Structure formats: C-alpha cells, structure tokens
Amino acid sequence: MDNKPVFCTGVASSINIDALLSLLCKSCKKNIKKIGNDSNDLCDSCIAQSKKCDKPNEVNLYFNHGSAPTSSAVNQNYEISTPNPKRTLLPAPVDAGNLNSDLNNSRKSPISLNNSPELSLADAVPNHSSRKLKWKSSVQERFHPRLNASPYHNRFNRRSEDNIKNQPGPPTLHVPQRRSFPGNQNFYDRSSPFPSWSPPAYNKTDPLSGELWQLFYENRQTDDVFNKKMALRDKLHDILRHKFPSSGLYVVGSSMTGLGVKSSDIDMCLMLTDSEVDQQKEAIGILHSVKFLFKKYRFLHDIQVIYAKVPILKFVDLESGIEVDLNINNTVGIRNTQLLTSYSRIDKRLPPLVVLVKIWARCHDINDAKNNSLSSYSIVLMVIHYLQCRCRPPVLPCLQLLQPDRFLPDTDIRQLKLQEELPNFVSENYEDLGSLFIGFLKYFAEEFNFEEDVMSVRLGRVIPKIQAIQNSSPKNKQAHWKFICIEEPFDFTNTARVCFDEVVFEHIHHTFIDSYNRITKISKLSSILNDKIVI
C-alpha cells in the first residue's frame with residue numbers, strides 16, 4: 001500500500017483502495033477509465049492516442065522480416081516513429097581528404113563523390129517537429145557531403161548549416177577518383193644540368209662574344225643553387241606525402257632545363273592522377289588544402305593561392321630564399337621540360353643565348369607576362385625557333401620530327417626520361433655567340449611577319465596563323481592568336497596569348513628594332529643594356 005497512489009477524498013478510513021485502483025486507466029494509470037464495451041479499460045486520452053497507431057507499420061515489418069511491403073503501403077507509412085535497431089549501417093564512405101585511397105579504385109570515372117547532386121541540409125537532417133522521424137534513402141545519405149564523415153553519424157545532434165560553414169579547419173578537398181601517381185624517378189635528376197662548363201672557342205677578335213659568355217657565367221644557375229632547389233623539393237615532397245601518399249612532385253621549367261638564371265624561382269608540379277584535372281575547380285580546391293598544410297611549417301612564408309588559367313600556390317622558403325610556384329597536374333609543363341632539356345643538350349650555345357635574351361628582355365621590361373608582355377617560356381621558344389629556322393645551316397634540329405615517339409603529347413608522364421637519348425645531330429653552323437645574338441635581334445626586328453606567321457618549334461618552321469587557329473585542341477581558341485603567335489609544342493595553344501594589347505606589342509617590336517640598330521653600330525653589351533641588368 002505504501003507504493004500505491006492515494007486519492008484523498010476526505011474519507012480515508014472507509015475507502016476500498018483496490019476498488020479505486022480498478023477504476024484507473026490500465027495504460028497511463030492516472031485518469032479514470034472509460035466505461036464501455038470498446039474502451040479496453042483505457043481513458044479517453046489513451047483511446048485517442050491508440051487510434052493514431054492502429055495502422056500496421058509495414059516498413060518496420062520489412063526491415064524485421066525481410067518481406068517487401070507494397071508500394072502503396074510504403075508511401076502511406078513512410079514516416080516511422082523510430083529507426084529499426086536491426087537496420088544495416090551504411091558502408092563507410094570515401095574520405096574526401098585522402099586522395100590516394102580513391103586513386104587506385106577506378107581509372108574510368110573522373111567523378112568525385114563530392115560532385116553528386118547537392119542536397120539541402122534540411123533534406124538530410126531528421127524532422128524533430130514531431131515525434132516521428134523522416135528517413136531519406138541510403139543513397140542520398142551516402143553521397144551527401146555533410147553526411148559522409150562517418151557511417152555512425154549522430155542524426156540527433158548535428159550542428160546547423162551555418163556552424164558547419166563557419167567552423168575552422170582545412171577546406172573541403174574535391175579530388176577526382178583516378179589512378180594514383182607515385183611519380184617518376186627518371187625525372188629526378190640530381191646532377192646539375194651543365195656542371196663544370198667552359199666556354200667553347202670563339203673568335204678572339206669578337207669582343208661581343210667574350211662579353212656575352214662572361215655575362216652568362218656570372219648569371220647562370222650555379223650548382224649550389226641547383227642543389228638547394230633539389231633539397232627543397234625533397235623536403236616539400238616529404239610534407240606532401242602525409243596528405244597525398246602516392247603523389248609525385250616534379251621540378252619543372254628553367255631550374256631543370258639549365259635555361260635559367262641564378263635568381264630564378266623554382267616551378268613545381270604536384271601530380272595526383274594520371275589524367276586531366278579541372279584547373280578552375282578541382283586544382284584550386286587542392287591548392288587551398290595544400291596551403292592549409294604548409295601553414296603549419298615556419299620555414300614556409302607568404303603562402304598564397306594565385307588565380308590564373310593554371311592556378312598556382314606561391315610561397316617562399318625562408319632558409320634558402322627560393323620562391324616556389326606550385327601547380328596541380330599541369331602535365332604540359334613536365335612534357336616541355338623534357339623537350340627543352342633535350343634541346344639544351346644538343347648544342348651548348350642554346351643555354352647562354354637564352355639566358356642573355358632573358359636578361360636583355362628584363363632590362364627593357366618585356367619579360368613580364370603579368371603585364372601582357374612575353375613570358376620566359378615564350379622567350380625560350382622564340383630562341384629555339386630562331387636557331388631552327390633562321391640560322392643557315394640550322395643550329396638545332398626539330399626533335400619532334402626526328403623522334404616523334406619520344407615527344408608525344410599523350411605519353412604517360414611516368415614513362416618520360418629527363419635525359420632522353422638524342423639523335424646523332426651535329427650542327428654545321430659554327431657562328432659564335434655574338435653573331436647568333438645579333439641575328440636573333442634582326443630576325444624579330446625586320447624579318448619575321450608577326451601579322452601572318454606563327455612560330456612552330458613542333459614542326460621546326462613557320463606556319464600560317466589560320467593553320468594554327470584550326471589545330472584541334474580543347475584549349476585552342478581563335479581569340480588567342482593576335483599579335484605575337486608562338487605555338488605550344490604539346491597542346492597547340494598560343495604561349496604569347498597574354499600579349500593582346502597592341503600598345504604592348506608595339507613596345508616589344510620597337511625594342512627589337514632599337515636594340516638591333518644600337519648593337520650593329522656599337523658592338524658592345526653596354527649599347528643595349530645601359531647598366532640596367534636586373535636578374
């Protein structure tokens with residue numbers, strides 16, 4: 001009797017407690033039960049509540065017994081009170097931050113899980129406005145970007161969408177599911193491109209050649225600078241392996257070709273997959289993720305993502321003072337590094353001539369792609385084109401015609417060799433460096449037809465502009481072929497397309513004309529450099 005409810009009626013001694021209890025609702029034990037044949041000893045409130053639950057719950061029967069419900073019944077009973085405890089958990093989703101767990105899975109589909117149709121957060125979070133919960137299909141849960149963090153996600157304690165967006169941490173990494181890219185050891189040549197070089201014999205009566213060789217040796221990339229760049233590359237690759245275990249990090253550009261000056265920055269390419277990456281969507285997201293990773297290391301300073309046609313991550317190594325430009329999966333940069341390295345090994349006059357032209361161009365402010373003038377890559381192609389076409393006999397051959405199987409635009413990057421076997425070509429042109437430099441200035445000052453012609457290192461000749469425009473390439477556009485036209489050897493685009501301003505073009509052309517006139521009158525470097533050497 002101590003544990004039974006007591007109703008105070010004022011007549012405590014004469015009331016039969018058992019009789020009173022028999023009047024209570026058998027469900028809630030609080031209210032007086034309804035007297036009637038169909039009441040089932042329940043109160044009015046419990047009878048009303050039981051009527052809501054009279055319909056059979058076929059969805060629960062399906063999960064418990066394995067029998068599929070009819071479509072009409074499922075539609076009527078889609079809302080259920082609680083999830084079935086025997087319901088199978090979703091399979092563990094792919095970790096969007098771990099690229100290399102995905103890369104080995106598929107070579108066919110370039111579609112990431114994060115590229116699935118967007119669902120609003122309200123679609124994924126259960127409705128708590130009532131005691132019943134709405135459950136979406138497992139497919140939507142599996143592919144929803146907010147739900148793929150864990151198969152054991154707590155549906156009852158999720159943060160709001162605003163909190164998810166504003167939480168600190170690395171950016172979401174959208175990485176295509178493609179085959180992994182461990183890198184190419186044949187491309188990591190630890191030796192300096194041109195160690196212990198000595199100037200070839202030149203005409204001692206030609207003071208200009210002597211000046212040019214001296215300027216080259218004072219400003220070329222030294223073995224010490226090259227070794228520092230390789231050490232930095234190894235250090236960065238060790239850091240990147242924590243996030244991208246099967247990636248490859250390539251040093252590209254003038255640092256590897258031997259066509260750079262001692263103060264050159266270093267260009268690197270982080271290869272993550274064996275196929276194209278969308279530079280405006282996927283690459284930018286990956287660069288921001290790398291930026292977040294690099295900010296943990298104090299020796300890396302001034303880290304910023306630069307938005308461009310090929311976006312880069314720019315930063316400085318405080319220990320060596322080297323500035324790094326890192327891109328994602330820009331395969332054409334690796335291919336042209338192999339090609340230019342091969343050209344520089346064929347004839348020793350190419351590296352000094354390229355370095356001298358770069359120094360001259362910087363002195364006259366025409367080697368700055370950011371200001372719509374010539375990029376360093378365009379200058380290199382101009383020099384090679386001149387040595388192929390203008391010089392008689394040619395100083396350089398056309399490697400893509402002599403060895404087409406070794407310089408294909410679709411060769412697997414992992415099969416490329418930096419020190420490729422070269423054809424048995426020996427130039428019969430014995431002009432000294434001074435004569436070649438003057439000839440270069442004259443060719444673009446007076447002979448080359450900028451209005452109609454295109455420089456093609458790929459074919460070793462000049463081609464009509466209309467032919468270059470019609471080249472089949474997904475990146476090639478007619479609007480890119482305006483004032484200065486230089487065909488990229490692998491993707492057939494115009495490497496000088498940034499020079500779309502006629503005023504800038506006229507300045508570049510006038511610089512060639514003025515420098516040629518000056519150096520033919522006074523055969524000294526001072527006549528065209530004016531002590532303004534900026535390396």
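Read-outs throughout are calculated quantities, based only on the coordinates presented, and are distinct from any laboratory measurement. Keep in mind the model is a prediction, meaning the values are calculated, not measured. Note that each Cβ is placed from the backbone with ideal geometry, even for glycine, and that neighbours are counted across all protein chains shown.
Here the 3J(HN,Hα) profile of region 312-319, calculated from phi with Karplus coefficients 6.51, -1.76 and 1.60 at θ = phi - 60°, is 9, 9, 9, 7, 10, 8, 5, 6 Hz, Gly and Pro shown as x.
Once the chain from Cys28 to Leu402 is taken as fully extended at 0.36 nm per residue, the excess over their C-alpha distance is 125.3 nm. Relative contact order, whole percent, for region 304-388 stands at 14, derived from Cα pairs under 8 Å and 6 or more residues apart. Taking 16 Å as the cut-off, the amide N atoms of region 356-392 that come nearer than this to a point 7 Å along the Cα-to-beta-carbon line of Tyr217 belong to 356.
For region 231-386, the direction-averaged projected area of the alpha-carbon convex hull comes to 9.7 nm².
For region 257-364, DSSP calls about 65 percent of its internal beta bridges antiparallel. Working note: Karplus 6.51/-1.76/1.60 with θ = phi - 60° gives region 253-263 the couplings x, 5, 4, 9, 7, x, 9, x, 9, 5, 9 Hz, where Gly and Pro are set to x. Its convex hull of Cα atoms gives region 231-320 a direction-averaged projected area, equal to a quarter of the hull surface, of 6.3 nm². Scattering from region 378-535 was approximated by placing one identical point on each alpha carbon and applying the Debye formula without solvent; log10 I(q)/I(0) at 0.10, 0.15, 0.17, 0.19 1/Å stands at -0.43, -0.94, -1.13, -1.28. The string of couplings for region 235-243 from the Karplus curve (6.51, -1.76, 1.60, θ = phi - 60°) is 5, 5, 5, 4, 5, 5, 5, 5, 9 Hz, one whole number per residue in order, with x for Gly and Pro.
Modelled spin-label separation between Phe425 and Asn227, with each label point placed 7 Å from Cα along the Cα-to-Cβ direction: 3.3 nm. Do the alpha carbons of any pairs in Lys442/Lys524; Lys358/Lys442; Lys314/Lys370; Lys281/Lys482 sit beyond 19 Å of each other, and which pairs? As for pairs spanning more than 19 Å Cα to Cα, those are Lys281/Lys482.
Stretched out straight at 0.36 nm per residue, the stretch from Lys296 to Glu506 would grow longer than its current Cα-Cα span by 70.9 nm.
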